[in-house]
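Quick notes on the structure that follows.
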Amino acid sequence: MTAQLLDGRELARQLQEEIQAEVAAFVRQVGVTPGLAAVLVGDDPASQVYVRNKQKACERVGIASWLHRLPSTVTTDELLQLVARLNTDDGVHGILVQLPLPPQVDTLRVLDAVTPLKDVDGFHPENVGLLVQGRPRFVPCTPLGIQRLLERHGVDTAGRAAVVVGRSDTVGKPMALLLAARGRGGDATVTICHSRTPDLGAVTRTADILIVAIGQAHCVTAEMVKPGAVVVDVGINRTDSGLVGDVDFAGVREVASLITPVPGGVGPLTVTMLLANTLTAARISQN
Ligand code: NDP
């Protein structure tokens with residue numbers, strides 16, 4: 001069996017068209033343009049690419065965006081001051097602090113300072129709490145994008161065995177919560193694995209739906225995958241042969257039924273969900 005591709009680029013294009021229409025309708029109705037402020041610290045090349053992609057996507061769908069660049073020597077207090085300004089700026093509906101921040105900065109303090117009503121990354125404890133309770137406001141963009149990708153490809157999660165490899169606050173944990181939540185896109189029986197899981201393959205082989213978010217090139221191989229499984233590869237690893245995922249794509253493609261490519265799988269949807277969350281934030285600002 002050769003797996004079909006879960007094409008994130010094509011779905012992102014469709015969803016961005018839908019968001020563009022919704023943004024235009026919102027602007028017509030309330031006379032306000034949704035706006036996203038991005039905070040970029042230092043000159044990490046990957047972070048610069050991510051922020052540029054997010055800004056370009058904003059432009060495509062009619063969302064205003066502003067980039068606040070700060071040197072890598074910035075202090076926690078300086079960042080807190082900027083976040084405080086953005087929190088009270090009525091033109092800014094969403095605030096994105098691009099991670100990682102330099103080691104001298106208290107990342108949690110900065111993320112916690114973003115007002116929960118503008119927290120389009122969904123990292124604030126209040127938004128995490130709402131997600132845990134099954135009444136989400138802002139869901140972290142990567143897991144939300146994966147949920148959309150599965151839904152649009154007709155992958156029924158209800159009652160299926162889902163395994164999430166990775167337990168980060170940004171990807172693994174919220175992904176597991178979404179899959180275990182009641183209702184559409186959820187209702188799965190979820191297992192979370194991490195670096196202390198002794199026999200990873202024994203667990204991943206139980207998965208009907210396997211989500212891998214660990215950050216190690218080609219870590220999940222064909223023999224770790226149940227035949228016919230749906231495999232979502234979140235990993236982005238820079239190697240001598242270019243960008244690769246956490247899954248050994250060539251091998252696993254022969255075992256899985258559906259699989260995301262890297263690049264062109266999860267990444268474009270992460271950006272797209274940021275746009276969706278910014279529009280949600282703009283709507284919330286009108287309530
Ligand atoms: P983190 O480094 O925050 O978390 C990695 C997780 O993987 C940890 O829970 C860790 O376990 C676990 N892990 C590491 N090695 C293994 C292993 N050998 N076996 C099992 N579990 C392991 O990473 P992120 O969640 O932020 O990102 C994961 C990957 O996804 C990265 O490559 C990142 O670049 C990519 N990414 C892609 C996005 C996209 O849009 N496509 C968006 C966000 C991230 P432990 O907790 O025990 O340390």
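The values are calculated or read from the model by the stated rules, or taken from the named source; none is laboratory data. What you see is a predicted model; the values in this text were computed from it and never measured. All Cβ positions, glycine included, derive from the backbone under ideal geometry; neighbour counts span all protein chains shown. We work out accessible area using only protein heavy atoms, side chains counted, and drop any ligands, DNA or RNA first. Shrake-Rupley method; radii C 1.70, N 1.55, O 1.52, S 1.80 Å.
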For Thr206, Thr107, give me the order by solvent-accessible area with a 1.4 Å probe, most accessible first, ignoring ligands, DNA and RNA. Thr206, Thr107
May I ask you to compute the full-extension gain from Ser72 to Asp156, defined as 0.36 nm times their residue separation minus their alpha-carbon distance, rounded to one decimal in nm? 25.8 nm
Sorted by chain and then number, the residues having a modelled amide H within less than 5 Å of the amide H of Thr191, at least 5 places away or on another chain, are Ala162, Val163, Val164
Helix runs (DSSP H) in the chain reaching 15 Å along axis by Cα, Kyte-Doolittle at least 0.0: 76-88, 266-285
Lysine pairs in the chain with alpha-carbon atoms under 23 Å apart, 8 or more places apart or on different chains: how many are there? 4
The summed charge of the Asp44 Cβ neighbourhood (under 15 Å; Lys/Arg +1, Asp/Glu -1) stands at +3
From the phi of every residue in region 105-118, what ³J(HN,Hα) in whole Hz does the Karplus formula 6.51 cos²θ - 1.76 cosθ + 1.60 yield, where θ is phi - 60° and glycine or proline is x? 8, 7, 4, 4, 4, 5, 5, 5, 7, 5, 4, x, 7, 10
For region 131-287, just say rounded, prolate or oblate: build the C-alpha gyration tensor, square-root its eigenvalues into a ≥ b ≥ c, call rounded for a/c under 1.5, and beyond that prolate if a/b exceeds b/c, oblate if not. prolate
Relative contact order of the chain, defined on C-alpha pairs under 8 angstrom at six or more residues apart (%): 22 percent
Arg182-Arg60 pseudo-label distance in nm [points 7 Å out on the Cα-to-Cβ vector]: 3.7 nm
Relative contact order [Cα under 8 Å, 6+ residues apart], region 141-266, whole percent: 21 percent
Considering the chain as a Gaussian network with a 10 Å cut-off on Cα pairs, which listed residue, Ser257, Ser195, Ser241, attains the greatest mean-square fluctuation? Ser241
Can you give the alpha-carbon Rg of region 34-91 over 2.2 N^0.38 Å, where N counts its residues? 1.19
If you take the square roots of the eigenvalues of the alpha-carbon gyration tensor of the chain and sort them as a ≥ b ≥ c, do you get rounded (a/c under 1.5), prolate (a/b over b/c) or oblate? prolate
Using only Cα atoms, locate the centre of region 97-143 and the centre of region 173-191, then give the distance between them in Å, rounded to an integer. 19 Å
Probe 1.4 Å - accessible area at Met1, Å² to nearest ten: 130 Å²
Ordering Asp187, Asp169 by the accessible surface of their heavy atoms, 1.4 Å probe, largest first, yields Asp169, Asp187
Once neighbouring chains are kept in place and the probe is 1.4 Å, which whole percent of the accessible area of the chain is contributed by carbon and sulfur? 51 percent
What are the residues whose amide H is under 5 Å from the amide H of Ser65, where those residues sit 5 or more places off or on another chain and H is modelled from the backbone? Leu36
Sequence of Asp199, Asp121 from largest to smallest accessible area, 1.4 Å probe: Asp199, Asp121
Residues with amide H under 5 Å from that of Gln4, placed H, sequence gap 5 or more: Leu258, Ile259
Taking the simple approach of a point 7 Å from Cα along Cα-to-Cβ for both Thr33 and Asp89, what is their distance in nm? 1.4 nm
Which whole-number value in Å² is the accessible area per residue of region 133-287, probe 1.4 Å? 42 Å²
